[in-house]
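The values are calculated or read from the model by the stated rules, or taken from the named source; none is laboratory data. Just so you know, these numbers come straight off a predicted model, no measurement behind them. With ideal geometry, Cβ positions are generated from the backbone for all residues, glycine too; neighbour counts draw on all protein chains shown.
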């Protein structure tokens, strides 16, 4: 399942507008008697790249922190992996 969380527009160095859509991805995970949700993110640039990273955390609080960071800083698809690596 995917839920669009936000969309943001920013300008690059050449003054061109880029619009990014931020999605929360959710997968149900079952392990023995335990059932939990596994969260990831996807960033889609309108008319451009798309990058997804599934299975980042099972913590709703942590994924909310990450999504806030991505949206507030207008991270694009190309920078997603670097931000997640630093965040983890």
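Which of (1) touching a helix residue (DSSP H, G or I) at 6+ places or on another chain (Cβ under 9 Å); (2) modelled with pLDDT of 95 or more does residue 57 not meet, given it meets every other one?
(2)
Out of segment 30-80, which residues are in a helix (DSSP H, G or I), within 20 Å of residue 10 (Cα to Cα) and out of contact with any strand residue (DSSP E or B) (no Cβ under 7 Å at 6 or more places or on another chain)?
Listed by number, the residues that qualify are 68, 69, 72, 78, 79.
Right, residue 27: surrounded by 10 or more Cβ atoms within 10 Å (Cβ to Cβ), modelled with pLDDT under 95, in contact with a helix residue (DSSP H, G or I) (Cβ under 8 Å, 6 or more places away or on another chain) and not in a loop (DSSP other than H, G, I, E, B) or not?
Against the criterion (surrounded by 10 or more Cβ atoms within 10 Å (Cβ to Cβ), modelled with pLDDT under 95, in contact with a helix residue (DSSP H, G or I) (Cβ under 8 Å, 6 or more places away or on another chain) and not in a loop (DSSP other than H, G, I, E, B)), residue 27 does not qualify.
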